[in-house]
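The values are calculated or read from the model by the stated rules, or taken from the named source; none is laboratory data. Keep in mind it's a predicted model, so treat the numbers as computed, not measured. Cβ atoms come from the backbone with ideal geometry, glycine included; neighbour counts cover every protein chain shown. For accessibility, only protein heavy atoms count, side chains too; no ligands or nucleic acids. Shrake-Rupley method; radii C 1.70, N 1.55, O 1.52, S 1.80 Å.
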Amino acid sequence: MPEKTGYDVLVLGGGVAGCVLATRLSEDPSRSVCLVEAGPDYGPDRAKWPAKALDARVLPRDDVWEKQSAPYRIRAKVVGGSSCVNGCWHTWGSASDFAEWAALGGAGWSADSLGQFRRIVAEKMRLRAIPASELSVWSSSSLAAAAELGYPEDADMSAPGVGPGYGCPPVNAIGDLRWNVAFAYLDEARSRPNLRILSGATVNRLVLADGRVTGAEVDLAGEQVTLTADTYLLSAGTYGSPSVLLRSGIGPAEHLAEVGIRTVVDLPGVGANLVDHSCLVLPLTPTAELNAALLAKEEAGDLYASQVAIKAATEFCDEGAWDLHLLPTAGAPLFGTLPRGRYEVGIAAFLMKPASRGRLRLRSADYGVGPDIDPALFTDPDGRDLAVGRRGLELAAELAASAPLKAWASPRDETRPQDASDEHLRSRAGTYWHPIGTCALGDVVDGDAKVQGVENLHVIDASILPTIPRSNTQLPTLAVAEMLAGRLANR
Ligand SMILES: Cc1cc2nc3c(=O)[nH]c(=O)nc-3n(C[C@H](O)[C@H](O)[C@H](O)COP(=O)(O)OP(=O)(O)OC[C@H]3O[C@@H](n4cnc5c(N)ncnc54)[C@H](O)[C@@H]3O)c2cc1C
């Protein structure tokens, strides 16, 4: 039977935001909704999921867009999106983060408004605190080190914070089962007759006429189909959503001409303003005792590489906020392997309010060719990010030198961060995998997430966050999706 093509709402991208949108909008049985996702749909039966995707202790790398790629490009390709491959951490930003968003998007984007949705999300995602019994000796020593250095304890890092502090971010996990967004949201909606889920379906581009989208061209398991709807919600993520807009002729005219695409709406913000939390790591050499303690924890099936975050403020930070996350980590290497019983230990300094801005461009009009992504980490013209990064490494070294931690590990490299060259630091740059901003509120979408110049098209995912919050990005993305889903449902 040919695929049904006409719906009230098409949700294009079945990740973190897309699952919320499809679930919320199909609550009204009179509204037909179709969720379109390029990756597989493993469904509600846990037994059909790959074991690694269910294991909250690891970051799986199977259902991703590019198996071989620069680490910052890792992005999931599966119903449930990056919640199926991520670290399961939930933290929340500062009042100043939300003030920036509300100034562009209105009251719905304020700390108060999104705070309400944060509570709903926390319940759906079953956030749980980390009990002391789950901590590795490295994690419990890190908590002791932070206390010794005078950081205040932050009992719930997923709640609004008032400044620097330390704690264990709550996780969306039941025991060690990764409670991804497909389980948390979509499963309750799967049996609704007004919801269709199309997996293995890659959105090529949107077709526009007279300022409206008239169809979405989709590769459905090799067959080209055009799906139609009254309203189109693009939720393909920070790398996927601008790619679809650009292929549809919505973006900077100059760039579209370079790749041979006719401009339909000249929107310079599409693909611009890419921001990620950059990082530098202080590598440490574990003692034999630490390796042995970690091995025992691993054998007990209880080893998480990162359990502790310390929110720290440098002299560059706004009053009452923080501009660093310091993460003491100890576990299996994220990249590469080590012999059994040996672990990668370090303290990462993540820049939570970086000034550098990157961009995404198409390399080709062909949807089979991945985009050109330049996160441009540590490139701001004033060099502020490098200064914050150096300070972050100093604070990491201070932690490593504290009595609770120096008993377990020692710095691998004695070079002081102040003496390391800019080039050397840039060559060590990593990210927190929190890209945002490529379809930013204010530049590309309005407060209702409607794309400027197109009547019936909204973008709802991490790409519309206009400035990066001082937090991990899953919780704010979910809260924004809940807020906007409510608005669309009530129209
Ligand atoms: C390795 C990793 C670790 C992370 N750890 C954490 C963490 O611990 N805590 C935290 O808060 N955040 C974390 N994040 C970030 C968090 O997962 C993201 O901020 C969040 O998933 C963004 O949601 P989204 O809906 O914008 O995009 P996604 O969840 O990535 O969803 C986008 C979906 O769109 C689909 N798609 C894209 N293009 C197309 C197309 N053309 N056609 C059809 N479908 C398409 C994709 O396949 C994907 O399923 C991590 C991310 C990664 C990658």
(message) Less than 13 Å Cβ to Cβ from Ser142, Lys/Arg counted +1 and Asp/Glu -1: what total charge do the surrounding residues give?
(response) -2
(message) I want the local charge near Pro286. Using Cβ-Cβ distances under 9 Å, sum +1 for each Lys or Arg and -1 for each Asp or Glu among the other residues.
(response) -1
(request) Determine ³J(HN,Hα), in whole Hz, for all residues of the stretch 462-472 in sequence, where each value follows from phi through the Karplus function 6.51 cos²θ - 1.76 cosθ + 1.60 and θ = phi - 60°; x replaces Gly and Pro. (result) 5, 5, 8, 5, x, 9, 7, x, 7, 8, 4
(message) Averaged across orientations, what area in nm² does the convex hull of the alpha carbons in the stretch 350-491 project?
(response) 12.4
(request) Using the 2.2 N^0.38 Å rule of thumb for compact globular proteins, work out how the stretch 211-279 stacks up: its C-alpha Rg over that value, please. (result) 1.25
(message) At 0.36 nm per residue, and after removing the present C-alpha to C-alpha distance, how many nm does the segment from Glu66 to Ser427 gain when stretched out fully?
(response) 127.8 nm
(message) Translational diffusion coefficient of the stretch 392-448 at 37 °C, 0.692 mPa s, Stokes-Einstein with Kirkwood Rh over Cα pairs, in µm²/s as a whole number.
(response) 219
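Hey, can you rank 389-396, 241-248 by average C-beta count inside 10 Å, highest first?
Those peptides, ordered most packed to least, come out 241-248, 389-396.
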(request) Only helical DSSP H runs with n ≥ 4 go in: add -39500 (n - 2.57) per run for the chain, normalise by residue count and round the 222 nm mean residue ellipticity to 500 deg cm²/dmol. (result) -7500 deg cm²/dmol
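Roughly how compact is the stretch 51-97, stated as its Cα Rg over 2.2 N^0.38 Å to two decimals?
Dividing the Cα radius of gyration by 2.2 N^0.38 Å gives 1.34.
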(request) Using a cut-off of 13 Å between beta-carbons, work out the net charge of the residues near Lys406 (Lys and Arg +1, Asp and Glu -1, Lys406 not included). (result) -3
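Based on alpha-carbon atoms only, what is the radius of gyration of the chain relative to the globular estimate 2.2 N^0.38 Å?
The chain yields a ratio of 0.96.
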(message) Check which residues have an amide H placed less than 5 Å from Tyr7's amide H, if you skip close sequence neighbours.
(response) Thr228, Ala229, Asp230
(request) Please work out the C-alpha center-to-center distance from the stretch 16-77 to the stretch 444-489 and express it in whole Å. (result) 19
(message) Using the alpha carbons of the stretch 90-184, what is the convex hull volume per residue in cubic angstrom, as a whole number?
(response) 104
(request) Multiply the residue gap between Ile174 and Ser30 by 0.36 nm, knock off their C-alpha separation, and tell me the result in nm, one decimal place. (result) 48.4 nm
(message) Using the Kirkwood radius over C-alpha pairs as Rh, can you work out the diffusion coefficient of the stretch 315-432 via Stokes-Einstein at 10 °C, viscosity 1.306 mPa s, in µm² per second?
(response) 96
(message) What number does the stretch 149-300 give for Rg over Rh if you use C-alpha atoms and the Kirkwood radius?
(response) 1.12
(request) Mind ranking Lys67, Lys450, Lys311 by accessible surface for me, highest first, 1.4 Å probe? (result) Lys67, Lys450, Lys311
(message) Largest first, please: the extent of the C-alpha atoms of the stretch 181-229 along each principal axis, to the nearest Å.
(response) 37, 26, 20
(message) Can you tally the lysine pairs in the chain where the Cα-Cα distance is under 30 Å and the two residues are eight or more apart, or on different chains?
(response) 28
(message) Assuming 0.36 nm per residue, please report the length gained on full extension of the stretch Arg342 to Arg357 beyond their Cα-Cα distance.
(response) 1.7 nm
